[in-house]
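*Asks:* The structure's right below; bear with me while I get my questions together.
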Amino acid sequence: MTLTELVAWAWEETVPVYENRTNLLIHLAAVPAFGIGHVMVVVGVPQRRGHALERQQVHAFASPKDFVRRLYAEQFCNFWRFLFSGGWYASFKRNRGAP
């Protein structure tokens, strides 16, 4: 089955299987979040390259669990603390000459 055929087949299946209002509301929020999540994975790739530019490298991850824990701690807590505490701006100013 080609991609075009798959999309056409899935479209025929869409209307009959989406009638429940709760399910429709869930999908109204979940599908855009799913798409945004995929975009953010692609956007995250330059973040890794950016970290490679740092003089002091982050510690290696001990395990996949360690990676997930540290990723969430950084993205949802520490970066925002760093930004709103003024640390981000102070570091930015201190390193003007760096690209």
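*Asks:* Which of the numbered conditions does VAL45 fail, given that it passes all the others? Conditions: (1) β-branched (Val, Ile, Thr); (2) touching a helix residue (DSSP H, G or I) at 6+ places or on another chain (Cβ under 8 Å); (3) in a helix (DSSP H, G or I).
*Replies:* (2) is the only condition that VAL45 fails.
*Asks:* Looking at GLU12, GLU74 in this structure, which one is in a helix (DSSP H, G or I), modelled with pLDDT of 90 or more and loosely packed, with under 10 Cβ neighbours inside 10 Å?
*Replies:* Numbers: GLU74 fails: loosely packed, with under 10 Cβ neighbours inside 10 Å.
It is GLU12.
The values are calculated or read from the model by the stated rules, or taken from the named source; none is laboratory data. For clarity, every value in this text was computed on a predicted model and none was experimentally measured. Every residue, glycine among them, receives a Cβ derived from its backbone with ideal geometry; neighbour counts consider all protein chains shown.
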